[in-house]
Protein chains: 2
Amino acid sequence: MTGTTSPTPTKAQLLELVAALGTAQWQDFAAAAARHGLTSVQAKLLAQLKGPVPMRGLAALLVCDASNVTGIVDRLEARGLVRREPAPTDRRVKNVVATDEGHEIIRRVRAEMQATHSALDALDEAERTVLYGLLERLRPGLEHRA
Amino acid sequence: MTGTTSPTPTKAQLLELVAALGTAQWQDFAAAAARHGLTSVQAKLLAQLKGPVPMRGLAALLVCDASNVTGIVDRLEARGLVRREPAPTDRRVKNVVATDEGHEIIRRVRAEMQATHSALDALDEAERTVLYGLLERLRPGLEHRA
DNA sequence: ATTGATGCTTGAGATCGTCAAGCAACTCGC
DNA sequence: GCGAGTTGCTTGACGATCTCAAGCATCAAT
């Protein structure tokens, strides 16, 4: 019994599997972050900073209150992983930028997600392409609304 | 322009997409839980209670300290969604059981994950089967180790 | 220039999460 | 039995996360 494991899964089964994998990946991420003294949320915020992002924008990305972002950025800034710089166009806005050390540390966190990497290694190129295509199809439904 | 979106995605791209979908689904779950006055963690714990589970087991399932579970169960118990009952075989152990109301509320939370449901609706049966198969292949790598 | 909206911070209060310590109960060897 | 070590749960202390209400500075628009 190796091939015929799937005679059309229930929507509930699929949902459960997706949830389980999502959780597992999050644990993997959190563990990698912790090894560098970061909480999951701090690492997640850091991961958003490809360029300068205003506090408000971070709140939107993390789907949380703006006042919450203040504290998280405070702690990251205290560790020198992030910098607040005034936006030239609007003096109310503070843009958050990752320092070099900040970029480096999040790069390492991503690289050290061993469980996730080894999971993806189980698939060959063709399978990854198929998976990517299917997940892309899921995105519009999930990304919008809540 | 519908077919040729994927000339073999990078592992990094795939990783990012998986992370994004995982996050979106979690938000969906958290929002549904919040509508019933539950935090995400409370809902997640409730979701594990198909049968009686000892505190220790819940700590393992939620991947957190046992002392943390005490508080979460306290709050759920105060709302009558959960019950602690002594294990007959070992008087140290307390088994946590969902009450009828507890089962009902988590059933509703699952049913109200609109974003997730509509996302899965974008796939037909054949696609779901393929997706399920691919995700199944990912499981062993993710589930074990961290 | 006043009115209103927007961006960020602060403070209070709840939840979540860890660690260390403690108590009760089980297990094992003798 | 019976004491030593282990295990299951709770408690207390403390930090991080999260929300809400309030406040201040700045922008936008009449």
Out of A:Asp121, A:Asp74, I need the residue that is away from DNA strand D (no atom under 14 Å from the Cβ) and either closer than 30 Å to B:Leu62 by Cα or touching a strand residue (DSSP E or B) at 6+ places or on another chain (Cβ under 7 Å) (or both). Which one?
A:Asp121
Just to be sure before I move on: is B:Thr23 within 16 Å of DNA strand C (Cβ to nearest atom), closer than 22 Å to A:Glu16 by Cα, open to solvent by less than 60 Å² (accessible area, probe 1.4 Å) and not basic (Lys, Arg) in the structure I sent?
yes
Go over the candidates B:Gln42, B:Gln13, B:Gln25 one by one and state the one that is outside any loop (DSSP other than H, G, I, E, B) and either of a type in the set (Phe, Trp, Tyr) or away from chain A (no Cβ under 11 Å) (or both).
B:Gln42
Residues satisfying the stated conditions in the range B:22-40, i.e. among the hydrophobic types (A, V, I, L, M, F, W, C) and in contact with a helix residue (DSSP H, G or I) (Cβ under 6 Å, 6 or more places away or on another chain)
B:Ala24, B:Ala30, B:Ala32, B:Ala33
Checking the conditions here, which among A:Gly57, A:Gly71, A:Gly102, A:Gly80 is more than 12 Å from DNA strand C (Cβ to nearest atom) and either surrounded by fewer than 17 Cβ atoms within 10 Å (Cβ to Cβ) or assigned to a loop (DSSP other than H, G, I, E, B) (or both)?
A:Gly80
Being more than 13 Å from DNA strand C (Cβ to nearest atom) and facing chain A (nearest Cβ under 10 Å) is the filter; apply it to the range B:30-39 and report the residue that is most open to solvent (accessible area, probe 1.4 Å).
B:Ala31
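Conditions tested, residue by residue: (1) open to solvent by less than 40 Å² (accessible area, probe 1.4 Å); (2) more than 14 Å from every other protein chain (Cβ to nearest Cβ).
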{"site": "B:Ala87", "(1), (2)": "yes, yes"}
{"site": "B:Arg91", "(1), (2)": "no, yes"}
{"site": "B:Ile106", "(1), (2)": "yes, no"}
{"site": "B:Ala115", "(1), (2)": "yes, no"}
{"site": "B:Glu125", "(1), (2)": "no, no"}
Go through the residues of the range B:65-79 one by one and say whether even a single one is closer than 20 Å to B:Glu143 by Cβ and within 14 Å of chain A (Cβ to nearest Cβ).
no
Give me a count of the residues in the range A:32-73 that are within 17 Å of A:Ala111 (Cβ to Cβ) and more than 14 Å from the chain's Cα centre (by Cα).
4
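The values are calculated or read from the model by the stated rules, or taken from the named source; none is laboratory data. These numbers were taken from a predicted model, which means no experiment stands behind them. So basically every Cβ, Gly included, is an ideal-geometry build from the backbone, and we count neighbours across all protein chains shown. All accessible areas refer to the heavy atoms of the entire protein, side chains included, with ligands and DNA or RNA removed. Shrake-Rupley method; radii C 1.70, N 1.55, O 1.52, S 1.80 Å.
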